[in-house]
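A.B. asks: To start, I am sharing the structure in question, which I have written as structure tokens.
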Amino acid sequence: MAAILFEQYTALGAQNCFPIYNALDPDTHHPVPPDQKFKCDLAFVGNRLPDREARVEQFFFAAAERAPEFSFLLGGEGWGSRSLPNNVRWIGHVGTDLHNVINCSARMVLNINRESMARTGFSPPTRVFEAAGAAACLITDAWTGVEQFFEPGPEILVAHGADDIVSYLREISPADAHGIGSAMHRRALRDHVYESRAKLVDKILESAPTKKRSAPLVESAA
């Protein structure tokens, strides 16, 4: 867990701090047949937000400009006014009902954390577990603690910038990408479903110390 969060909570008077992270609901996010409409080499879904835009430029758009031989799919609201590279196709708003099919139709999927999440670390967004549920080959921007959830290399690809993303696209075959996605899927089902998170909460609450109430004051009858 990020030490900064623990310190902030304890400074406010908390006796202890237990992180409960996002997780996977395998009934909602799971592998589905690919759809040719969403076929691409790299897909990114995210709304245009002030605390994310610079990182989208740094990772997604810069990679597209450096690798014109690949096809890029962009989903999310707010990108209509942005001039896009020729190899980037914007599909607008993406409903939750399309997450699985997009994750399963792209050769690789990109996660880009918001600036605050990347800076603090130990902040896996739901997008990571959605991709894992679909057995997608996921590239994530680098953030502290990613190895606590998935093993970089065999289960998830970590990028420090556009050059890393382009290298993955050029060096990892579709078969190898499928293997990475499958390994991430198995790890998520084993360690990162909401059922296991609920069991952790239950264990924490069961072991939490309880304050003894003082005996009520009872007046004797005259």
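A.B. asks: Give all pairs with beta carbons closer than 7 Å in which a residue from segment 148-168 that is within 18 Å of G179 (Cα to Cα) meets a residue that is of a type in the set (G, A, S) and assigned to a helix (DSSP H, G or I); count only pairs at least 6 apart in sequence or on separate chains.
C.D. replies: Taking only residues 6 or more apart or on different chains, the pairs are P154/A183; E155/A183; I165/A63.
A.B. asks: Also, quick follow-up: So which residues in segment 78-128 are of a type in the set (G, A, S) and either modelled with pLDDT of 95 or more or over 19 Å from the mean Cα position of the chain (by Cα) (or both), if there are any at all?
C.D. replies: G78, G80, S81, S83, G92, G95, S105, A106 - these are the residues of segment 78-128 that are of a type in the set (G, A, S) and either modelled with pLDDT of 95 or more or over 19 Å from the mean Cα position of the chain (by Cα) (or both).
A.B. asks: On the given criteria, is A177 at pLDDT 95 or above and either assigned to a loop (DSSP other than H, G, I, E, B) or touching a Lys or Arg at 6+ places or on another chain (Cβ under 7 Å) (or both)?
C.D. replies: yes
A.B. asks: Every residue in segment 111-136 that is more than 21 Å from T96 (Cβ to Cβ) and hydrophobic (A, V, I, L, M, F, W, C), please.
C.D. replies: Listed by number, the residues that qualify are A118, F122.
A.B. asks: Within segment 129-147, work out how many residues are farther than 24 Å from R66 by Cβ and either part of a helix (DSSP H, G or I) or touching a helix residue (DSSP H, G or I) at 6+ places or on another chain (Cβ under 7 Å) (or both).
C.D. replies: Adding up the residues that qualify gives 7.
A.B. asks: Name the residues in segment 84-116 that are of a type in the set (S, T, N, Q) and either within 29 Å of T144 (Cα to Cα) or surrounded by 15 or more Cβ atoms within 10 Å (Cβ to Cβ) (or both), would you?
C.D. replies: Selection gives N87, T96, N100, N103, S105, N111, N113, S116.
A.B. asks: Tell me, yes or no, whether segment 26-47 has at least one residue that is part of a helix (DSSP H, G or I), in contact (Cβ under 8 Å) with a residue 60 or more places away in the chain, surrounded by 15 or more Cβ atoms within 10 Å (Cβ to Cβ) and not β-branched (V, I, T).
C.D. replies: Among the residues of segment 26-47, at least one is part of a helix (DSSP H, G or I), in contact (Cβ under 8 Å) with a residue 60 or more places away in the chain, surrounded by 15 or more Cβ atoms within 10 Å (Cβ to Cβ) and not β-branched (V, I, T), which makes the answer yes.
Residue-wise test of (1) assigned to a helix (DSSP H, G or I); (2) touching a residue at least 60 places away in the same chain (Cβ under 8 Å); (3) within 15 Å of A23 (Cβ to Cβ).
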{"residue": "H93", "(1), (2), (3)": "no, no, no"}
{"residue": "I102", "(1), (2), (3)": "yes, yes, no"}
{"residue": "R119", "(1), (2), (3)": "yes, no, no"}
{"residue": "F122", "(1), (2), (3)": "no, yes, yes"}
{"residue": "H185", "(1), (2), (3)": "yes, yes, yes"}
{"residue": "L189", "(1), (2), (3)": "yes, yes, yes"}
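A.B. asks: Restrict the check to segment 148-159 and report whether at least one residue is modelled with pLDDT under 95, part of a helix (DSSP H, G or I) and more than 19 Å from D41 (Cα to Cα).
C.D. replies: yes
A.B. asks: Restricting the search to segment 48-59, which residues are hydrophobic (A, V, I, L, M, F, W, C), over 10 Å from V166 (Cα atoms) and in a helix (DSSP H, G or I)?
C.D. replies: Hits for segment 48-59 are A54, V56.
A.B. asks: What about R89, is it part of a loop (DSSP other than H, G, I, E, B), of a type outside the set (A, V, I, L, M, F, W, C) and on the phi < 0 side of the Ramachandran plot?
C.D. replies: It is false that R89 is part of a loop (DSSP other than H, G, I, E, B), of a type outside the set (A, V, I, L, M, F, W, C) and on the phi < 0 side of the Ramachandran plot.
A.B. asks: Next question. Can you find, within segment 143-179, the residue that is surrounded by the most Cβ atoms within 10 Å (Cβ to Cβ) among those that are touching a Gly at 6+ places or on another chain (Cβ under 9 Å) and closer than 26 Å to E57 by Cβ?
C.D. replies: V146
A.B. asks: Could you please let me know if L42 is within 17 Å of M108 (Cβ to Cβ) and at pLDDT 90 or above?
C.D. replies: Against the criterion (within 17 Å of M108 (Cβ to Cβ) and at pLDDT 90 or above), L42 qualifies.
A.B. asks: Now a separate question. Can you name every residue in segment 52-83 that is among the hydrophobic types (A, V, I, L, M, F, W, C), surrounded by 14 or more Cβ atoms within 10 Å (Cβ to Cβ) and under 20 Å from A159 (Cβ atoms)?
C.D. replies: Scanning segment 52-83 gives V56, F59, F60, F61, A62, A63, A64, A67, F70, F72, L73, L74.
A.B. asks: Right, H160: within 22 Å of L98 (Cβ to Cβ), out of contact with any helix residue (DSSP H, G or I) (no Cβ under 8 Å at 6 or more places or on another chain) and not hydroxyl-bearing (S, T, Y) or not?
C.D. replies: no
The values are calculated or read from the model by the stated rules, or taken from the named source; none is laboratory data. Just so it is clear, the structure is predicted and the values come from calculations on it, not from any experiment. No Cβ is skipped: glycine too gets one built from the backbone with ideal geometry, and neighbour counts run over all protein chains shown.
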